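The structure appears below as structure tokens.
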Amino acid sequence: MSRKINLTLKVWRQKNAAAPGRLETYEAKGIDTDASFLEMLDIVNAELETKGIEPIAFDHDCREGICGSCGAVVNGQAHGPEKETTLCQLHMRKFKDGDTITIEPWRAKGFPIIKDLVCDRSAFDRIIQAGGFISVRTGQAAEAHSIPVPKDKADWAMDAAQCIGCGACVAACPNASAMLFVSAKVAHLNVLPQGQPERHSRVLGMVAQMDAEGFGNCSNHYECEAACPKGISVKNIAKMNRDYLAAALGA
């Protein structure tokens, strides 16, 4: 049964990438506990507009937890307190009446802040362009079982393919590492027979682009796995390191 709660929000406001940012305090009154976190921000923004205050800028698209567009650090946790849940699927029933909620953007060199809670995550697109694909003639759809794929390999690839590229792994890592994202995209293709011809060039290219974008190395804290809304495993990082070593040695 829904109820109404009153909250105090401390929200990061930043006019543009060059301007200094600061936390601004807003009251969010009468918020329905059935509202999602983004709907709560919509309500706050409507109130701000009536007062002539510029609305809080935040990223979103599908609001169904599948596009990876949303994301912010809520009380120090990427996507907030609910395990394996994107910010758009986080509901206000997870908070108590009178709570103070601090909302900040992803903070990483590879994700420069554009405005308020919005970051430029195009670095992930460039990493995918560096190798996250296979080069084959598409033609007519092949029979599903024309290339046999062992069950364990198929499961691994499907699990890795769940990565939505939201960047929570980077936001949660004390070294702003993107290795969970990159390793999931590498493993998604490298464990399948269709991905073998470009297995070495893929991992070399994507890791080189990851480094060029300014992301840090893995610090073995596993915060990335804990923050990932899709439960991507750090075992992908271990596989990527093995693939990288083999590719670098020409094995």
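The values are calculated or read from the model by the stated rules, or taken from the named source; none is laboratory data. Computed from a predicted model, the values in this text were never measured in an experiment. So basically every Cβ, Gly included, is an ideal-geometry build from the backbone, and we count neighbours across all protein chains shown. Each accessible area value is taken on the protein alone, full model and side chains, heavy atoms only, with ligands, DNA and RNA left out. Shrake-Rupley method; radii C 1.70, N 1.55, O 1.52, S 1.80 Å.
Within the option set His91, His145, His79, being over 21 Å from Ile5 (Cα atoms) and not charged (D, E, K, R) holds for one residue only, His145. Of all the residues in segment 27-65, those that are in a strand (DSSP E or B) and of a type in the set (Ser, Thr, Tyr) number 1.
Could you tell me which of the residues Ala28, Ala19 is surrounded by 13 or more Cβ atoms within 10 Å (Cβ to Cβ), farther than 19 Å from Thr85 by Cβ and not acidic (Asp, Glu)?
Details: Ala19 fails: surrounded by 13 or more Cβ atoms within 10 Å (Cβ to Cβ).
Exactly one residue qualifies, and that residue is Ala28.
Kindly indicate whether Pro229 is loosely packed, with under 15 Cβ neighbours inside 10 Å and touching a residue at least 24 places away in the same chain (Cβ under 8 Å). No; evaluated as a whole, the condition is false for this residue. Within segment 104-119, how many residues turn out to be among the charged types (D, E, K, R) and assigned to a strand (DSSP E or B)? Count: 2.
For (1) in contact (Cβ under 8 Å) with a residue 40 or more places away in the chain; (2) over 17 Å from Pro112 (Cα atoms); (3) of a type in the set (S, T, N, Q), each residue gets a yes or a no:
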{"site": "Ala144", "(1), (2), (3)": "no, yes, no"}
{"site": "Met158", "(1), (2), (3)": "no, yes, no"}
{"site": "Cys166", "(1), (2), (3)": "yes, no, no"}
{"site": "Cys169", "(1), (2), (3)": "yes, no, no"}
{"site": "Phe181", "(1), (2), (3)": "yes, yes, no"}
{"site": "Ala184", "(1), (2), (3)": "yes, yes, no"}
{"site": "Leu204", "(1), (2), (3)": "yes, yes, no"}
{"site": "Met210", "(1), (2), (3)": "yes, no, no"}
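The set of residues in segment 68-103 being part of a loop (DSSP other than H, G, I, E, B), among the hydrophobic types (A, V, I, L, M, F, W, C) and farther than 20 Å from Asp116 by Cα consists of Phe95 alone. Can you name every residue in segment 214-250 that is among the aliphatic types (A, V, I, L, M) and outside any helix (DSSP H, G or I)? Residues satisfying the conditions are Ile232, Val234. Residues that are more than 14 Å from Lys185 (Cβ to Cβ), within 17 Å of the chain's Cα centre (by Cα) and among the charged types (D, E, K, R) within segment 203-225 comprise Glu223, Glu225, listed in sequence order. Output the residues belonging to segment 45-95 that are surrounded by fewer than 20 Cβ atoms within 10 Å (Cβ to Cβ) and β-branched (Val, Ile, Thr). Thr50, Ile53, Ile66, Thr85, listed by residue number. The set of residues in segment 126-143 being closer than 27 Å to Lys235 by Cα and open to solvent by 60 Å² or more (accessible area, probe 1.4 Å) consists of Arg126, Gln129, Phe133, Ile134, Ser135. Restricting attention to segment 189-229, the residues that are of a type in the set (Phe, Trp, Tyr) and at negative phi add up to 1.
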